[in-house]
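Every number here is computed from the coordinates shown, using simple stated rules; none is lab data. As the structure is a computational prediction, the values presented were derived from the model and not from experiment. Methodologically, a virtual Cβ is constructed for each residue, glycine included, from the backbone with ideal geometry; neighbour enumeration extends over all protein chains shown.
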Amino acid sequence: MSSGAIRPNELWDEFKARRTKLRELWDTRNSRIDAYIPAEVRGTVSEKEAIEGNLALGRQASDYVEEACSFARYFFQKGIPRFQKKVLGLGYGRGYDRFWTEYAIRCGLEPIWIDVSELSCSFAQSEFNQLLRKARKNKVDTGYLTPATMIREAEVEEALMFPENFALNLADVRIWYLCRFLNCLSQEESKKILEIIGRSLSAERDPEKGNIVIVVNAFKDFNPQIDEHPDPPIVHTTHMPRYHSVYAHLRRGSGRNLVARHIVHFRYFNKLVTAMMFMAK
């Protein structure tokens, strides 16, 4: 190892420090009712309007994921145990788009959410306790699922680089779900994470071309009127991705050509949010 290389212990310490900082920042942000509305309209809408706007987008995003879950079922091989394949959601936030979680369970897909915020994970814990009780009451097979199996309190890049430390097997992920997540990353962080996710679309992991990466985000391509700017206190929230960059990073990770399917636009306050499914071509 060269003297300039980062040793594993140093990398782990770096992640630990960043995890602590991000947890504090996102706990603060997630405590706000207006946490996820665009900065340009913050202060001009009521708390009721903020909640209604986020729930409307969350339900539209959840409906979109449910379509993907139904689509993914057709690619299941016979004999694959229930819940062996996963739907991995990055960033639970305030849970506005949590609704697909129950549908995934009915489809036999294990839902897992990753979030660095302790507060977000507590929201999810409470919601999933109720969800599982309701499912069992309705005779839905929930197998071994508990809130603990469905939630990972972790910084996303760290969890994806060291999945074994968080009881994750990324080779089992059938569907990835990123809703407004890319806005929370710098361009370099986005590149690293999307390339890791892209491996799920590789010929090795996805020979049937049935894995799906769902991205629901405001893209600069469809929002040229929006200026990118910091959104304190998360000072690195300055990045509105472009479609070709997301595609390029996923493609680099997969090592083959991809296609964006089922492109849908949602109006969200002053922005156009776009949902798309990336799959192997």
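Some observations on this one:
- Residues listed by number, the range 240-281, amide nitrogen under 18 Å from ALA203 label point at 7 Å toward C-beta: 251-259, 279-281
- Fully extended contour minus Cα-Cα distance, from THR149 to GLU118, at 0.36 nm per residue: 9.6 nm
- Kirkwood-type hydrodynamic radius, the range 13-88: 16.1 Å, calculated from all non-identical alpha-carbon pairs.
- Note on the chain: GNM, Cα springs under 10 Å; of ALA203, ALA154, ALA124, the largest mean-square fluctuation is that of ALA203.
- Computed over the Cα atoms of the range 22-280, pair by distinct pair, the Kirkwood hydrodynamic radius stands at 18.6 angstrom.
- Shape of the range 112-166, Cα gyration tensor, a/c cut at 1.5: oblate
- Per residue, the chain reaches -12500 deg cm²/dmol at 222 nm when only DSSP H runs of four or more residues are counted, each adding -39500 (n - 2.57).
- Helices assigned as whole DSSP H runs in the chain whose Cα atoms extend at least 30 Å along their own long axis and whose mean Kyte-Doolittle hydropathy is -1.0 or higher are found at 47-73.
- As a rough guide to protection, the peptides 259-270, 135-146 ranked by mean Cβ packing within 10 Å, highest first, stand as 259-270, 135-146.
- Share, in percent, of DSSP beta bridges within the chain that are antiparallel, nearest 5: 50 percent
- Inter-label distance for ALA56 and ASP227, nm, one decimal - labels placed 7 Å from Cα along Cα-to-Cβ: 2.6 nm
- Packing-based exposure ordering (other Cβ within 10 Å, fewest first) of TYR36, TYR103, TYR92: TYR103, TYR36, TYR92
- Residues SER190, SER202, SER126, sorted so that the one with the fewest Cβ neighbours within 10 Å comes first: SER126, SER202, SER190
- Other-chain or far-sequence residues with amide H under 5 Å of ILE151's (modelled H): TRP113
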